[in-house]
């Protein structure tokens, strides 16, 4: 095995471990953990770019295995996206109700009391 293959294999192993760790606790993962995962994954993939031409069959199997986990991660991300959207909708409804309640009315007439 050449040095390039060892480096690519090492990076793939790092990426695989990172992904498996996240997927294993996905039901409890927070938004921050997902953001950290995406950042770390991006850094590893950037480092892998220079070894793209040296990807062998074994590496491709690992990449397929990792790609098979992506739908689970995307599902969790979409769950957070929906929760955030629902929260924004509720905040908008609250703002509309609040504005309606506190609305300043402009009057076109006035009342004059003529007591002596």
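Computed from the coordinates by the stated procedures, all read-outs in this text should not be read as laboratory data. All values derive from a computational prediction rather than experimental measurement. Because the Cβ atoms are built from the backbone with ideal geometry, glycine has one as well, and the counts that use them run over all protein chains shown.
Worth pointing out:
- Residue count for the stretch 50-82, restricted to those that are closer than 17 Å to residue 25 by Cα and either under 13 Å from the mean Cα position of the chain (by Cα) or exposed (fewer than 12 other Cβ atoms within 10 Å of the Cβ) (or both): 12
- For the stretch 49-70, a residue qualifies if it is in contact (Cβ under 8 Å) with a residue 40 or more places away in the chain, in a helix (DSSP H, G or I) and more than 20 Å from residue 21 (Cα to Cα), and the qualifying residues are 51, 54, 58.
- Selection from the stretch 28-48 of residues that are in contact (Cβ under 8 Å) with a residue 40 or more places away in the chain and either closer than 15 Å to residue 7 by Cβ or part of a helix (DSSP H, G or I) (or both): 31, 34, 48
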